[in-house]
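The values are calculated or read from the model by the stated rules, or taken from the named source; none is laboratory data. Given the structure is predicted, the values throughout are model-derived calculations rather than measurements. All Cβ positions, even for glycine, are placed from backbone atoms using ideal geometry, and neighbour counts span all protein chains on display.
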Amino acid sequence: MERASVEQPTAAEQPKSLEQQPAMNLSTFDSLLKYIAAFSLLLYCCGYLVASVSSLNWGFYQVAPFRPKVASAGAWFILFLGVPIAAAVFRWKREELDDRTNAPASFQFYAIWGLGLGFGTFSLFELTPQQFTAYAVFIPLLIVVGYFVIGTISGKGKGAVTTKWVVSAASILIVAGSGFYDLFKHQFVSVSAIFLWYVLIGFVFNFAFNMCKGRTTLENLTRGMPYVVSVLLLALSYFGRSYYPHIKASWGGGAPVAVTILFAKESPILPGQYLSTQLLDESDAGLYIAGKTEKRASFIPRNQIASITYSDTPSGELQSKPK
């Protein structure tokens, strides 16, 4: 009797555990689908805003929401936003462990992360041979030099700590200032310009993390959400205007593509002639183009175009005439 009373619950519990296992798998799969859907929505929303800002910079607005170009724009923005935020989180967590004397070296090491982002993504951006100079390559290395200089300064007094902070701040400001000069004076994205983006995003979100200390979750949502949304919109606008238009089109960026257009003979624009220009965007209705020295786009309807060669010279086969 005792043996039967012991075995009976075990047999009853076994089917329940088997029934619960598929429910757990289904719940996990359902949660995964929700995360994928939320990430896809975020990707396309960010990409749509970035591509829209880039096209408005040329004076036109034509961005279809569901295109590979929009998805790639969102992916690049999330990458360039995620790396500084991840570094800021790491820095924020390590800040409490570092003592006062090691803080400058820790902060300089945090800046080296931005240097890695710059050199790691430098090849994504268009760069002419005239812009690829020793100045653009070696100026960012001041961050590494500053890190080793800080390591050579001995002592734990106030004077030594102040000297370390001066070295750190000077190297970071020089590289960030060089990036600002390259980006807004010469309109090209250098390693220093990528480092400037890293410093700005990291500083803003590090300030946000410090602002959230000592607050409850509800207080962070009510007080911090407007700050986060406004910063995110500014970052989208800044990235879409200054960085995304320089990412190579072969990598899914917004840089113009060199094309040669052959106009139809009945076209009122250069009938039967070739035009070498830059392709900014296209739709079912036509093409948005701009010359190399032009700051505003022009629209060409597709019914006026006979052929397009994706090069700055006409296609030899299209020019050859049958015998």
task: Provide a single number: the residues in segment 297-315 that are surrounded by 15 or more Cβ atoms within 10 Å (Cβ to Cβ), free of Cβ contacts under 8 Å to residues at least 60 places away in the same chain and under 13 Å from Leu279 (Cα atoms).
output: 4
query: Counting only residues that are assigned to a helix (DSSP H, G or I) and either over 17 Å from Val231 (Cα atoms) or at pLDDT below 90 (or both), how many does segment 66-81 have?
result: 8
